[in-house]
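A.B. asks: Below are the structure tokens for one structure; questions will follow.
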Amino acid sequence: MIMSKQLEEIKKALRKKSNKKVKISCQKFVPTSQKVYGVRVPELNKLAARYKSAGFELVEELWNSGAFEEKLLASKILGKICKKDPERTLKIIEKFSKGISDWAVCDTLATQGIREIAGLKQEEILETSKKLIRSKNPWERRFAIVLLINLAKDRNLKKELNGIMEYVKNDNEHYVKKAVEWLKRKLK
């Protein structure tokens, strides 16, 4: 597969900004992450701002490239462009949910990736959550719960959000339990 010029530039920037201490820290706090460069979040935020005009194609290319920071960056850029095509954004996040392997990417995609369209696409987000909450994949179940964080401020949805959480109230997966507790706190 041919790499775009933007992806080449980003990979070069990630290698340049990588830091061994950050990499070790990341591997400690996000133990299930895959390939890690070791780049601080403020640097990723700068890259997201710089490449936000590249669009959905770069988002998908970054995600498919597969490194931890590349997936975080894809999620952050998606959040900056999601208003341009909310329907495409929702399709992308559902597709990406199958490739999540850690809590940090999960949470960034589920919150920052769609925050700007959460109010506009409430029903679709609820449907996506209801679908993914039944997955055998624990990261998809966590993603389903974290998606709901975007809707927790709407008191009219409290009963529905609690109902969705019922599917995982006895889940044995650590990261799913943590997401449920997070949503419960947001609903208080």
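A.B. asks: Filter region 95-113 down to residues that are in a helix (DSSP H, G or I) and within 10 Å of the chain's Cα centre (by Cα), then give me how many there are.
C.D. replies: 11
A.B. asks: Next question, about the same structure. Please enumerate the residues belonging to region 29-47 that are of a type in the set (Phe, Trp, Tyr) and surrounded by fewer than 19 Cβ atoms within 10 Å (Cβ to Cβ).
C.D. replies: PHE29, the sole residue that qualifies.
A.B. asks: Something else about it: Name the single residue, out of those in region 55-73 being in contact with a Leu (Cβ under 9 Å, 6 or more places away or on another chain) and under 18 Å from CYS26 (Cα atoms), that is surrounded by the fewest Cβ atoms within 10 Å (Cβ to Cβ).
C.D. replies: Filtering first and then ranking leaves ALA67.
One line per residue, one yes/no per condition, for (1) touching a residue at least 60 places away in the same chain (Cβ under 8 Å); (2) in a helix (DSSP H, G or I); (3) surrounded by 15 or more Cβ atoms within 10 Å (Cβ to Cβ); (4) of a type in the set (A, V, I, L, M):
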site: GLN6; (1), (2), (3), (4): no, yes, yes, no
site: LYS12; (1), (2), (3), (4): no, yes, no, no
site: ARG15; (1), (2), (3), (4): no, yes, no, no
site: VAL22; (1), (2), (3), (4): no, yes, yes, yes
site: GLN27; (1), (2), (3), (4): no, yes, no, no
site: SER53; (1), (2), (3), (4): no, yes, no, no
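A.B. asks: Now for a separate question. Considering only region 103-137, state which residues are under 19 Å from ASN45 (Cα atoms) and of a type outside the set (Val, Ile, Thr).
C.D. replies: TRP103, ALA104, CYS106, ASP107, LEU109, ALA110, GLN112, GLY113, ARG115, GLU116
A.B. asks: Within region 123-164, how many residues are aliphatic (A, V, I, L, M), open to solvent by 10 Å² or more (accessible area, probe 1.4 Å) and more than 21 Å from PRO86 (Cβ to Cβ)? Steps first, answer last, please.
C.D. replies: Let us first name the residues in region 123-164 that are aliphatic (A, V, I, L, M), namely 125-126, 132-133, 144-149, 151-152, 157, 161, 164.
Among the residues that remain, those that are also open to solvent by 10 Å² or more (accessible area, probe 1.4 Å) are: 149, 157.
Subset that is more than 21 Å from PRO86 (Cβ to Cβ): none.
Looking only at that region, the number is 0.
A.B. asks: Something else about it: Would you mention how many residues in region 90-107 are open to solvent by less than 20 Å² (accessible area, probe 1.4 Å) and touching a Leu at 6+ places or on another chain (Cβ under 9 Å)?
C.D. replies: Of the residues in region 90-107, 7 are open to solvent by less than 20 Å² (accessible area, probe 1.4 Å) and touching a Leu at 6+ places or on another chain (Cβ under 9 Å).
The values are calculated or read from the model by the stated rules, or taken from the named source; none is laboratory data. Note that the coordinates shown come from a computational prediction; the quantities given were computed from them, not determined experimentally. Virtual Cβ from ideal backbone geometry, glycine too; neighbours counted across all protein chains shown. These accessible areas exclude ligands, DNA and RNA; they are computed on the full protein's heavy atoms, side chains included. Shrake-Rupley method; radii C 1.70, N 1.55, O 1.52, S 1.80 Å.
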